[in-house]
Amino acid sequence: MEENKEILEDEIKEDTETVSNENLEENSSNEVEEKLNSEIEELKNQLLRLQADFVNYRNRTEREKSNSIILANEGLILKLLPVLDNFNRAFIHLNVDDDVVKGFIMIKEQFESILKTEMLEEIESDGAVFDPNLHNAVMTESKDGVESGVILETFEKGYKIKDKVIRPSMVKVSE
């Protein structure tokens, strides 16, 4: 009987150890699975961040590239603006019905068209409200019936490329 008792105790011990080992294996397997799942989620998040960073980098380099091309043209455009100013001054004093003058007007319009394709925009000035970011006031004048800060006359047209002013308008402003 004693012997049977010992055998039973040994079997119970083995069963307990087996159950304990199975529980440990199950617990460690769950822990490993949870760890792996969290690592997978972390890696997915890192991948998404890297993809977003790459898209942002690509967009930024495209924008910088286009801006550098535009700004590279700025120097040339600044050199050509006096030619355009001289065209405008010449046509003020000429008879526009003359065929030769009509030819020069066509050349001027073609010249302006080319500058517009390079994103050159004329800054509005006559009758506009004075903006020190866009206009350079060289004179002021008191005028009845006109609000203060309104541009009365433009002496030299101003231009901008996109939102960057490359030459402000020279204007006369009401006091």
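The values are calculated or read from the model by the stated rules, or taken from the named source; none is laboratory data. This one's a predicted model, so the numbers in the text were calculated from it and none came from an experiment. Please note: Cβ atoms are built from the backbone with ideal geometry, for glycine as well, and neighbour counts cover all protein chains shown. To get the accessible areas, we keep the full protein, side chains included, count just its heavy atoms, and leave off ligands, DNA and RNA. Shrake-Rupley method; radii C 1.70, N 1.55, O 1.52, S 1.80 Å.
At-a-glance table
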{"quantity": "Top-ranked residue of the stretch 86-138 - restricted to ones that are surrounded by 11 or more Cβ atoms within 10 Å (Cβ to Cβ), of a type in the set (V, I, T) and more than 36 Å from the chain's Cα centre (by Cα), ranked as nearest to I69 (Cα to Cα)", "calculated": "I105"}
{"quantity": "Cβ-Cβ under 8 Å pairs, at least 6 apart or on other chains, the stretch 148-165 side farther than 14 Å from F130 by Cα, far side surrounded by 18 or more Cβ atoms within 10 Å (Cβ to Cβ) and aromatic (F, W, Y)", "calculated": "V165/Y159"}
{"quantity": "Qualifying residue in the stretch 62-84 (condition: open to solvent by 90 Å² or more (accessible area, probe 1.4 Å), closer than 30 Å to G158 by Cβ and either touching a Cys at 6+ places or on another chain (Cβ under 7 Å) or modelled with pLDDT under 80 (or both))", "calculated": "yes"}
{"quantity": "Filter result for D97 (part of a loop (DSSP other than H, G, I, E, B) and modelled with pLDDT of 90 or more)", "calculated": "no"}
{"quantity": "Residues within the stretch 139-170 that are within 22 Å of E74 (Cβ to Cβ) and open to solvent by less than 30 Å² (accessible area, probe 1.4 Å), tallied", "calculated": "5"}
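Matching residues to (1) over 13 Å from K172 (Cα atoms); (2) of a type in the set (G, A, S); (3) touching a Gly at 6+ places or on another chain (Cβ under 8 Å); (4) in a strand (DSSP E or B):
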| residue | (1), (2), (3), (4) |
| --- | --- |
| K102 | yes, no, no, no |
| E109 | yes, no, no, no |
| D126 | no, no, no, no |
| N133 | yes, no, no, no |
| T140 | no, no, no, yes |
| D144 | yes, no, no, no |
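Let's see how each residue does on (1) among the polar types (S, T, N, Q); (2) out of contact with any Asp or Glu (no Cβ under 9 Å at 6 or more places or on another chain); (3) farther than 30 Å from K160 by Cα:
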residue: S29; (1), (2), (3): yes, yes, yes
residue: K35; (1), (2), (3): no, yes, yes
residue: K44; (1), (2), (3): no, yes, yes
residue: R49; (1), (2), (3): no, yes, yes
residue: R58; (1), (2), (3): no, yes, no
residue: K65; (1), (2), (3): no, yes, no
residue: S68; (1), (2), (3): yes, yes, no
